[in-house]
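Values quoted throughout were computed directly from the atomic coordinates according to the rules given, and no laboratory measurement underlies them. Source: prediction; values computed, not measured. With ideal geometry, Cβ positions are generated from the backbone for all residues, glycine too; neighbour counts draw on all protein chains shown.
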Amino acid sequence: MGKWLRLPAVLRRALLLRVVLALALFLPPLIRSGHAEARGDAKAGKVVYDKNCAACHGPKGSGLGARSILPNFADAKYMATRTDAELFDKLSNGGKGTGMPAWGKVLTDHERWNVLAYIRTLSGP
């Protein structure tokens, strides 16, 4: 602690600000990294998915065709590589340059967790 106090006040404030900003950026995804199935209701998520997502991602989440660049939610190998935090972030903020809209201001957190829980069911148990 002694070395910290010997730093100039301006430098201490700058370092403290960096720590606070780092926590603000990285803590929310860590908090959200629980299992989607425990945080959302897949049955309710299917209703939201059918209304808002199926037109692009297909009714079964396959991404609509072999040549599609959309993610295949029915592919267990693909889904195993994606964390709930990554998927929730994509649902909330969209995919820059991909055409995926940001649903964070359209759907509530609860609705997005429901959609994520439903998406997790598409690749099987």
Cβ-defined net charge surrounding A102, 14 Å radius [Lys, Arg +1; Asp, Glu -1]: +1
Amide H partners (placed H, <5 Å) of M100, local residues excluded: G95
